[in-house]
Amino acid sequence: MTGTYVKQTIVKRDGDRDIKFIGELLAEADNIDSLVYSNSGNSWTELRLYRTKGGKYVCQRVERNSWSNVQNEYEACVCEDVDRVVDFFGHGPLAKELFRAAEISAVLEVE
């Protein structure tokens with residue numbers, strides 16, 4: 001799917017309207033291979049970055065949990081530029097993996 005336009009994508013989010021757009025999946029990353037055990041079960045994070053046909057970015061973070069009594073959490077936003085994308089995802093290892101896959105430079109340049 002990466003690099004190809006799809007007819008329609010709907011990105012789910014909690015506490016707000018879902019986001020519907022035409023665009024492409026630029027990159028995705030997850031840490032399912034290193035499941036984090038907690039009292040509420042095994043949990044992991046999935047990150048996805050899309051670019052809309054109009055040139056905006058849609059960022060999505062999903063916190064998944066393997067226990068049936070714990071709901072997954074969905075967070076997403078629309079960003080006008082790469083700086084806002086970096087603000088949304090932060091600077092953790094998983095975010096940096098996503099940025100590398102999307103060929104986004106998230107480094108602080110100093111002269």
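The values are calculated or read from the model by the stated rules, or taken from the named source; none is laboratory data. Quick caveat, the model's predicted, so the values are computed rather than measured. Cβ placement follows ideal geometry from the backbone for every residue including glycine, while neighbour counts extend to all protein chains displayed. Each accessible area value is taken on the protein alone, full model and side chains, heavy atoms only, with ligands, DNA and RNA left out. Shrake-Rupley method; radii C 1.70, N 1.55, O 1.52, S 1.80 Å.
Restriction of the trypsin sites (Lys or Arg not before Pro) in the stretch 48-111 to DSSP coil positions whose beta-carbon has at most 12 other beta-carbons within 10 angstrom yields LYS53. The candidate values are (1) 1.05; (2) 1.12; (3) 1.43; the one derived from this structure for Cα Rg over 2.2 N^0.38 Å carries the label (2). Each other residue within a Cβ distance under 11 Å of ARG64 adds +1 if Lys or Arg and -1 if Asp or Glu, for a net charge of -3.
Here the stretch 26-111 exposes an accessible surface that is 45 percent carbon and sulfur, computed with a 1.4 Å probe and the other protein chains kept in place. To the nearest 10 degrees, how steeply does helix 93-102 sit against the main Cα axis of the chain, on a 0 to 90 scale? So the helix axis and the longest Cα principal axis differ by about 40 degrees. Straight-line cross-link reach from LYS96 at under 19 Å between alpha-carbon atoms covers these aspartates and glutamates, not counting any fewer than eight positions away in the same chain: GLU28, ASP30, ASP33, GLU46, GLU63, GLU75, ASP81, ASP83, ASP87, GLU109.
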